[in-house]
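The block underneath contains the structure these notes are about, expressed in structure tokens.
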């Protein structure tokens, strides 16, 4: 495949015939896990009118907003966002708190079966740099890490049976981690 390219995967809880849940090691390879709720009633009314079954694709008058070369250029700029050792320490501490929640007084840590891998640290680092670039910043700040932490971590922390049975929301656990892991 030509550069740039990326992979999207969807998980539909209804149509699972012939599909299997990916093992944690494979899920860990995805940079983000985004959540999508049902649309609002107003949004769904727009969907009714704007769907491709009653319109043709050309009706949407879509045009590219970025060229492949511009995407590659932005990827290179992302890598150049400046950072300190303290921000790397912050990222590593966030990930470490998923493995050793007691060290950080994470009360919800009792629900963690499996903490995040080193890929989480890498993903937090590069995604935070991308967030900085998108916000017009040239230097990585703790807030950039916090901005992307949920999307990076939600599929990299595995809840134990008790957490699943009690309906613990992974987002609540991540919120506690971000509140309790100190910024160096």
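Do any helices (runs of 4 or more DSSP H) entirely within segment 1-118 hold 3 or more residues that are at pLDDT 95 or above and under 19 Å from residue 169 (Cα atoms), and if so, which? Break it down into steps so the answer makes sense when it comes.
Numbers: elements: 24-27, 41-50, 68-79, 85-99.
Hits in segment 1-118: 85-99.
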Which of the residues belonging to segment 133-184 are under 15 Å from residue 108 (Cα atoms) and free of Cβ contacts under 8 Å to residues at least 40 places away in the same chain?
164, 165, 167, 169, 170, 171, 174, 175, 179
Scanning segment 77-119 for residues that are surrounded by 15 or more Cβ atoms within 10 Å (Cβ to Cβ) and over 30 Å from residue 165 (Cβ atoms) gives 78, 81, 83, 87, 88, 90, 91, 92
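The values are calculated or read from the model by the stated rules, or taken from the named source; none is laboratory data. Just so you know, these numbers come straight off a predicted model, no measurement behind them. Cβ atoms come from the backbone with ideal geometry, glycine included; neighbour counts cover every protein chain shown.
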